[in-house]
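Structure first, commentary second.
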Amino acid sequence: MGHITSKSYLALQKRLDMNAQGAPASESLYKILEILFSAEEAEKVSLLPVKPFSTSEAMDRWNLSEIETNKILYELADKGLLLDMNDNGVQTYVLAPTMAGFFEFALMRTDGRFDRKILSELFYNYINEEDDFVEKVLMQKTPIARTMVHEKTIQNKDQSEVLDYERATHIINSASCITVGTCYCRHKMEHVGKACQAPQDVCLTFNTAAESLVKHQIAKKISKEEALAVLDRCVDYGLVQIGDNVQNEVNWMCNCCGCCCEAIQAYKKIGYRRKINSNFFALVSSEKCVACSVCVSKCPVEAIKIVNKKAVVDKDICIGCGVCKRQCGVSAISIERREKLAEVPLDSFERCVITAIETNKLQNYIFDNYGLWTNELLRNLVGVLFKLSTAKFLIANQQLKSQFLKALRKTKTSKIYKGINKE
């Protein structure tokens, strides 16, 4: 007999799938939601806006008093399901996306609130064994994650060209708040008997997201010096820095291995079709290479092979992390800068809008009162318009996209979005 899901969780899944990132329906997902949300919470969250909202907006949606509303919102944020933010003195909330978001936060907890073994098994089913989440969420056209090159592997000739957002050290040094927590990926794999020996206390969160995690004791606040020490430890271990795919107000950075990391596993699973690379790639000198195969074993994405007794890098697969360069004992590998640089959204607001356009979900942000039939009608209408071939052509036009973003940034909505989480 199949799993019977109540209407409140069906409505919550539909709400989660309305945002740009999405959450494809699955029996595994419904079981996850039933663990994380009570039936009452699921029903109430299904009515919340896709974009950040105030307490008064939640009061209107729920038809509750301010005291009752604040109590529910605080409890949801305390469970890591909402991000609790302060926007210039105004209390705001946003429903954390599935990833990077409340999936990770649930496993970061060490207070026993959730059964991490059961959740890990369900996460593994939903993400590693099923296909929809990987295809529709982790590997979108504009990805949620990007690789950061190990800075010590950058050649002197390229140092002046490297932008601030490409440097993990800059992300740490410019952050207003930093936390460290349990690595979701390796902890999940530990519960299904597939974890490697890489350290787990290395997941870094920054800025607005970090402030919410500290407030609700989901992750530990650390200094910039401590965060840099975490980074050095992970680089020395041979881990890859994969983080929030934005230029400003980066919210998270993972220290990843090729065997457990969700983003790397997804990248390999779909055949390297979506790019998560940095602006670099590895190049092997055939004169220096001794075919020891160390780089082959250390490459997290299997981009290096031994051909005719020499290591060869597939530039199209290489994510430009620099791990192979640091592991090469004969200095046969150089890290080169790509001619065509990856497009990285300015901030989370811009990435959210671009992804919403690419996934035909922008209407969900414009008309997001799910209790009004007029909003449902308008969402459907705009959704149809976005699916027209002419509209798709116009939306794809870079100049129009740029002008559209500029117009949105002038609205009050854009102010709320500033510093949004990993959505």
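Any read-out appearing in this document is the output of simple, stated calculations on the displayed coordinates, not a laboratory observation. What you see is a predicted model, and the numbers here were worked out from it, not measured in a lab. Neighbour counts are summed over all protein chains in view; Cβ atoms, including those assigned to glycine, are modelled from backbone coordinates with ideal geometry.
Which of PHE37, TYR184, PHE280 sits closest to the plus end of the dipole of the chain, meaning its Cα is farthest towards the positive end, when Lys and Arg get +1 and Asp and Glu get -1 on the C-beta?
Most positive-ward Cα: PHE280.
Pick from ASP131, ASP236, ASP158: which residue has the top mean-square fluctuation in a GNM of the chain where Cα pairs under 10 Å get a spring?
Result for the chain, Cα springs under 10 Å: ASP158 fluctuates most.
Going by amide H atoms built from the backbone, whose H comes under 5 Å of the H on VAL202, apart from near neighbours?
Here GLY181, CYS183 satisfy the definition.
Using θ = phi - 60° and the Karplus relation 6.51 cos²θ - 1.76 cosθ + 1.60, list the HN-Hα couplings for region 291-307 in order, rounded to whole Hz, with x at every Gly or Pro.
6, 6, 6, 4, 5, 4, 6, 8, 4, x, 10, 6, 8, 10, 9, 8, 10
What does the extension gain come out to for THR110 and LYS71, with contour length at 0.36 nm per residue minus their alpha carbon separation?
Gain on stretching THR110 to LYS71: 11.8 nm.
Would you mind putting 240-246, 77-83 in packing order, based on average other-beta-carbon counts within 10 Å, highest first?
In decreasing order of mean packing, 240-246, 77-83 become 240-246, 77-83.
With no solvent and one point on each alpha carbon, what is the Debye value of log10 I(q)/I(0) for region 138-337 at q = 0.12, 0.14, 0.15 Å⁻¹?
So the normalised log intensities work out to -0.59, -0.80, -0.92.
Let me spell out the model: positive unit charges on the Cβ of Lys and Arg, negative unit charges on the Cβ of Asp and Glu, origin at the Cα centre of region 138-337. What dipole size does that give, in debye rounded to 20?
660
Roughly how tilted is helix 7-18, in degrees to the nearest 10 and between 0 and 90, from the longest Cα axis of the chain?
Helix 7-18 and the main axis of the chain meet at about 50 degrees.
Which value, in debye to the nearest 20, describes the size of the charge dipole of the chain about its Cα centre when Lys and Arg Cβ atoms bear +1, Asp and Glu Cβ atoms bear -1, and nothing else is charged? Walk me through the numbers on the way to the answer.
Working: 56 positive and 51 negative charges, 245 e Å.
Around 1180 debye, computed over the chain.
Magnitude of the Cβ-charge dipole of region 1-127, K/R +1 and D/E -1, about the Cα centre, nearest 20 debye?
The dipole of region 1-127 has a size of about 300 debye.
Give the share of C-alpha pairs in each 5 angstrom bin for region 140-226, from 0 to the last occupied bin, in whole percents, shortest bins first.
With a bin width of 5 Å, the distribution comes to 3, 12, 17, 18, 19, 17, 10, 3, 1, 0.
Residue by residue through region 193-198, which ³J(HN,Hα) values in whole Hz follow from phi under the Karplus form 6.51 cos²θ - 1.76 cosθ + 1.60 (θ = phi - 60°), with glycine and proline marked x?
Each residue of region 193-198 in turn: x, 10, 6, 8, 9, 5 Hz.
Separation between the ILE366 and GLU302 pseudo-spin-labels, each 7 Å from Cα along Cα→Cβ, expressed in nm?
Going by the 7 Å Cα→Cβ label model, 4.3 nm.
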